[in-house]
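Here is the structure we will look at.
Coordinate-derived values only; no laboratory data. None of these values were measured; they are calculated from a predicted model. Cβ sites come from the backbone with ideal geometry, for glycine too, and all protein chains shown count toward neighbours.
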């Protein structure tokens, strides 16, 4: 029954209890937002890892078309007669045809094969760790039919592909530019507040492939690399068998500017 006069009085919560409930609500909302961001990172992570860039139309029209499981991968080629070849894997935002002139100058006595990752530069499909590794093996097997001395080079993301290939096939030389030991530690540096080590699907764990490599290896590290922690490159270097890999730090070079440094070209030209 309502009190006399028909006025219903409600109990007012104490201030401390109101504050406590507000804090619980805010914490629950923050947890919900955090979980949503984690879910978004998991679902869209490959759009953060792989960044296809526009490729020059002329290079696409002249590219080698390599049939692979589920599609076709394009390869920029600089033909050269003889037994020597170089297979190159670029960075995650690299249009590899633009690297052809500097590679041609550094390796004048080798035929050059520059892979376009799936979803890049006319190649069909979508990029993933499994796809890039399978395509690298297919490209090597194709090149091997005409060239017996195959060197492999990879830059940034491509360093993981190159290390995997060198640990799976016989190569004469391995060159790694701005390499990392594993994608997880690089991602953790850029997303320190999220459990990226648990969320990551494409791990590119180069440190686990390195012990299988038999070829002499050169790691070119940017002294001021703003993407890959120096410790990651050092850990990769330590993963190779003793005496097999040399590490050279190019002072003052950044992750994306290392190829502009004269020491970079000098180091490449010194490769047999």
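Side notes on the structure shown:
- Cβ-Cβ FRET estimate between residue 138 and residue 238, R0 fixed at 25 Å, reported to 0.05: 0.25
- A simple spin-label model places pseudo-atoms 7 Å from Cα toward Cβ; at residue 15 and residue 53 they are separated by 6.0 nm.
- Taking the three principal axes of the alpha carbon atoms in the range 162-217, the coordinate ranges are 41, 19, 13 Å, sorted in descending order.
- Degrees separating the helix 129-143 axis from the principal Cα axis of the chain, which is the longest one: 10
- With R₀ set to 41 Å, the beta-carbon distance separating residue 33 from residue 251 gives a calculated FRET efficiency near 0.45.
- Counting only DSSP beta bridges with both residues in the chain, the antiparallel share comes to about 25 percent.
- Between residue 23 and residue 80, the simple label model (points 7 Å from Cα in the Cβ direction) yields a spacing of 6.8 nm.
- Rounded to the nearest 10 degrees, the inclination of helix 230-239 to the longest alpha-carbon principal axis of the chain is 60 degrees.
- Spin-label model, residue 265 to residue 69: label points 7 Å out along the Cα-to-beta-carbon direction sit 4.2 nm apart.
- GNM top mover of 58, 72, 226 - the chain, alpha-carbon springs below 10 Å: 58
- In a fully extended conformation the segment linking residue 124 and residue 201 would gain 25.6 nm over its present Cα-Cα distance, using 0.36 nm per residue.
- Rg/Rg_globular for the range 75-181, with Rg_globular taken as 2.2 N^0.38 Å and Rg from C-alpha atoms: 0.96
- Using C-alpha pairs below 8 Å separated by at least 6 residues, the relative contact order for the chain is 14 percent.
- Acute angle (nearest 10 degrees) that the helix 15-49 long axis makes with the longest principal axis of the chain, alpha-carbon atoms: 20
- Calculated log₁₀ intensity ratio I(q)/I(0) where the Debye formula runs over C-alpha points of the range 50-269, q = 0.17 Å⁻¹: -1.25
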